[in-house]
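The values are calculated or read from the model by the stated rules, or taken from the named source; none is laboratory data. On a predicted model such as this, the values are computed, not experimentally measured, just so you know. Cβ sites come from the backbone with ideal geometry, for glycine too, and all protein chains shown count toward neighbours.
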Amino acid sequence: MEFPGIDGFLGTRASLMLDVVFVAMFAVIPVMGVSIAMARYKQRWQLHKTIQLTLATVLLVAVVAFEVDMQFVTDWELRAEPSPYFTMDHKWSSPVGVSLLIHLFFAVPTAFIWVYVVSGAVNRFPQPPTPSDYSARHKLWGRIAAIEMTMTAITGWVFYYLAFVA
Ligand code: HEM
């Protein structure tokens, strides 16, 4: 089937950027897990900082590219139309629409929480980073940020399957 925009590489109906983000999250989640384990079990705080700043930068670039693609190039509704879980007439009450709303419920706050956690950590931990009186707040919000990112990935994968694979 022909759709506007660039097709992805996974052989589904998704666009290139959708495929890039779909696959990238399989790397982001384990890398984030290793980075948190480095801080928690190995006291490798500088490594933890480097990995988290790299992840945050990569994600920022990916999100901007993704949003430009979604808003101006890719018509995701058109690509989702052949799915048995989607119709334009019931866009937001179809399983695809509901799964997208659930995904956005996690994705939007995650972006803000990450900005808060990264900027807070960079400004409040010493250089090189070591535990400080900022630790308790960072551990709390760092855990929330990690859980939110994981939920964003899982709900994104579900939406992708319902809209572009099924
Ligand atoms: C979104 C980005 C980040 C997330 C999700 C995150 C997450 C976490 C988590 C969950 C812990 C607690 C590990 C444990 O259970 O002991 C932690 C510890 C730590 N993080 Fe981050 N972190 C991020 C960015 C950063 C940055 C940019 C820095 C440095 C500027 C940093 C410095 C530290 C330090 C020093 C600790 C050890 C705190 C302590 O044990 O007292 N983190 N981080």
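In the condition set (1) more than 23 Å from Phe164 (Cα to Cα); (2) modelled with pLDDT under 95; (3) assigned to a loop (DSSP other than H, G, I, E, B), Val61 is compliant with all but (3). Per this entry, Leu100 is counted among residues that are closer than 28 Å to Ser15 by Cα, away from the ligand (no atom under 16 Å from the Cβ), hydrophobic (A, V, I, L, M, F, W, C) and under 18 Å from the mean Cα position of the chain (by Cα).
From the list Leu101, Leu162, Leu140, Leu78, which one is under 30 Å from Met38 (Cα atoms) and assigned to a helix (DSSP H, G or I)?
Details: Leu101 fails: under 30 Å from Met38 (Cα atoms); Leu162 fails: under 30 Å from Met38 (Cα atoms); Leu78 fails: under 30 Å from Met38 (Cα atoms).
Answer to the check: Leu140.
Of the residues making up segment 78-111, those that are surrounded by fewer than 16 Cβ atoms within 10 Å (Cβ to Cβ), over 17 Å from Gly156 (Cβ atoms) and free of Cβ contacts under 8 Å to residues at least 24 places away in the same chain number 7.
Does at least one position in segment 35-54 carry a residue that is under 19 Å from Met151 (Cβ atoms), in contact (Cβ under 8 Å) with a residue 24 or more places away in the chain, within 15 Å of the ligand (Cβ to nearest atom) and surrounded by fewer than 19 Cβ atoms within 10 Å (Cβ to Cβ)? Within segment 35-54, one or more residues are under 19 Å from Met151 (Cβ atoms), in contact (Cβ under 8 Å) with a residue 24 or more places away in the chain, within 15 Å of the ligand (Cβ to nearest atom) and surrounded by fewer than 19 Cβ atoms within 10 Å (Cβ to Cβ). Within segment 1-30, being of a type in the set (A, V, I, L, M, F, W, C), loosely packed, with under 15 Cβ neighbours inside 10 Å and at pLDDT 95 or above holds for Phe9, Val23, Phe26, Ala27.
Within segment 122-166, take every residue that is small (Gly, Ala, Ser) and over 24 Å from Arg79 (Cβ atoms) and give me the one that is farthest from the chain's Cα centre (by Cα). Spell out how you get there, then give the answer.
First, the residues of segment 122-166 that are small (Gly, Ala, Ser): 132, 135-136, 142, 145-146, 153, 156, 163, 166.
Filter again for over 24 Å from Arg79 (Cβ atoms), leaving 132, 135-136, 142, 145-146.
Numbers: Ser132: 29, Ser135: 25, Ala136: 25, Gly142: 15, Ala145: 11, Ala146: 11 Å.
The extreme case among them is Ser132.
Here is a check on your reading of the model: is Ser119 loosely packed, with under 13 Cβ neighbours inside 10 Å, among the polar types (S, T, N, Q), over 15 Å from the mean Cα position of the chain (by Cα) and within 16 Å of the ligand (Cβ to nearest atom)? Quick ask: steps written out before the conclusion?
Values: loosely packed, with under 13 Cβ neighbours inside 10 Å: yes; among the polar types (S, T, N, Q): yes; over 15 Å from the mean Cα position of the chain (by Cα): yes; within 16 Å of the ligand (Cβ to nearest atom): yes.
When the stated conditions are applied, Ser119 passes them.
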